Amino acid sequence: MNFAFKPLVLAMLLAAAQFAGVTYAQSSTATSTPAVTKAAIPTIAPQDWIVYSDTTYTPVVDDVSRSLDAARKALDANDKKKAASELRMAADELKMQAALAKKEDSTLESAETKTLKADKQVKQDSIKRINAVATKINSAARSIETGKIKTTADLDKVIDKAARADIERRWLITDVATWYPVSEEPQRHFTDAVADYAKKDYKAAATDIRKATSYLRLEANRATGEAKQELESSIARLDMLAASVNKGTGKAEQSMAMEFAKANHALALEHHAKAIESWTRKEYDKTGYELKASAHALESAAGWAGEEAKSGASATVKATQGLGDKLVSGANWTRDEVAKGFESLRNGINALGNKIGRTKKA
């Protein structure tokens, strides 16, 4: 197998090795030396959802979404005091996350690649917008107390789709303990959608597609460049698919399978890109989680593409998950092993992309 790296990937891996005081030629003997084995973060299935009137679903997965959900429920129960309090808690959490992200950015190595500097600019812009929407949420809390906002429908007019998009930007600055536990949720909802469609429960199938799409929206906020474009393209197509499935017209099984394959492929691209970024920053445990998430997305995409694609991706998926586990736990690994792992995953993602008609490459 050819392990020649793309120039960007090779440059980033070489930079990381040099920062660590090890040249790439020495990579076969450079290993991690963990003091203890770290406990792995498990995947979970959130039970609660915020459902907006425009059929937008948002999973309740962290303190921000929990407070927003509690505020809406309190408002429905006419408990204005609790609703306002919960909104302020959501705003405070957003501001705290933004402040932490800003502090982390100030401690990054000055010798960053152009790609990481561009990503940092996106992050800084997101921090400003998150702070702005936090101010808007605090204003909504005051409006609840004064009686200007009386229902969740009124609240949705203030915290509209644009504001919700800014709230979702927190996913760019959230930590691995928030995003990784729900990284397998899109595939679960895709599977449920097919099962519901087979039972002719078209409304439930459409809901499952919209729930899966909500996770892609969150991940799109973490993404940049071509990975972001692919995710946003999948989101638009899944929105149209959900509307079509909800009507129960026509045969949707084939289009569902293809769109689910493309969506998972986009997720594999995004997590692969984030794994490279984390590796360059010497965040080895984060690299491991990104690799594991990318491998799962690749496996899921291949499953929708057919048995041949699934069989072709299986070895890469298994090897990548194993490498990810090593990086997550702090077990010994070599830089040569990681380099080959990245290249194998890249080849697997691109090979599947060719099968399903995707032009963007890892």
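The values are calculated or read from the model by the stated rules, or taken from the named source; none is laboratory data. Only a predicted model underlies this, so the values are computations on that prediction, with no experimental measurement involved. Cβ placement follows ideal geometry from the backbone for every residue including glycine, while neighbour counts extend to all protein chains displayed. Calculation scope for accessible area: heavy atoms of the full protein, side chains included, ligands and nucleic acids excluded. Shrake-Rupley method; radii C 1.70, N 1.55, O 1.52, S 1.80 Å.
Taking trypsin sites (Lys or Arg not before Pro) in DSSP loop conformation with at most 10 other Cβ atoms inside 10 Å as exposed sites, the chain has its longest uninterrupted site-free stretch at 1-198.
Given the alpha-carbon gyration tensor of the chain, what are the semi-axes of its equivalent ellipsoid in whole angstrom, ordered largest first, with each equal to the square root of 5 times an eigenvalue? Provide the component values of the computation, followed by the final result.
Working: eigenvalues 258, 149, 51 Å².
Whole-Å semi-axes of the equivalent ellipsoid: 36, 27, 16.
Label sites at ASP48 and SER139, each approximated as a point 7 angstrom past Cα along Cα to Cβ, lie 2.7 nm apart. 3J(HN,Hα) along region 282-295, derived from phi through the Karplus expression 6.51 cos²θ - 1.76 cosθ + 1.60 where θ = phi - 60°, amounts to 6, 9, 5, 5, 5, 4, x, 5, 5, 5, 5, 5, 5, 4 Hz, with x in place of Gly and Pro.
Ligands, DNA and RNA are left out, and with a 1.4 angstrom probe the accessible area of region 31-104 is 57 Å² per residue.
Normalised by 2.2 N^0.38 Å, where N counts its residues, the alpha-carbon radius of gyration of region 44-200 equals 1.18. Summed over qualifying helices (DSSP H, 4 residues or more, each -39500 (n - 2.57)) and divided by its residue number, the chain shows a 222 nm mean residue ellipticity of -24500 deg cm²/dmol. Between the alpha-carbon centres of region 313-327 and region 245-279 there is a gap of 20 Å. A simple spin-label model places pseudo-atoms 7 Å from Cα toward Cβ; at ASP336 and ASP63 they are separated by 4.6 nm. With all projection directions averaged, the alpha carbon convex hull of region 134-242 covers 8.5 nm². Close amide-amide hydrogen proximity is noted between ASP48 and VAL60, each under 5 Å apart and 5 or more residues distant or on a separate chain (H modeled in the peptide plane; Pro and chain starts excluded). Working note: Karplus 6.51/-1.76/1.60 with θ = phi - 60° gives region 58-70 the couplings 10, x, 8, 10, 8, 4, 5, 5, 5, 5, 5, 5, 5 Hz, where Gly and Pro are set to x. Between the beta carbons of MET240 and THR151, assuming R0 = 25 Å, the FRET efficiency works out to 0.25 to the nearest 0.05.
For region 122-130, putting each phi into the Karplus relation 6.51 cos²θ - 1.76 cosθ + 1.60 with θ = phi - 60° gives couplings of 4, 5, 5, 5, 5, 4, 4, 6, 5 Hz, in residue order, rounded to whole numbers and with x for Gly and Pro. Computed over the alpha-carbon pairs of region 230-362, the distance histogram in 5 Å steps reads 2, 11, 21, 21, 16, 12, 8, 4, 2, 1, 0 percent, short to long.
Quick check on region 173-295: take the gyration tensor over C-alpha atoms, sort the square-rooted eigenvalues as a ≥ b ≥ c, and tell me if it's rounded (a/c under 1.5), prolate or oblate. List each step's numbers first, then the result.
Details: a/c = 2.77, a/b = 2.25, b/c = 1.23.
Prolate, because a/c is 1.5 or more and a/b exceeds b/c.
With protein chains left intact and a 1.4 Å probe, residues in region 133-276 average 39 Å² of accessible area per residue.
Counting only protein heavy atoms and using a 1.4 Å probe, what share of the accessible area of region 217-362 belongs to carbon plus sulfur, as a whole percent?
Values: 2680 of 5440 Å².
So the carbon and sulfur contribution to the accessible surface is 49 percent.
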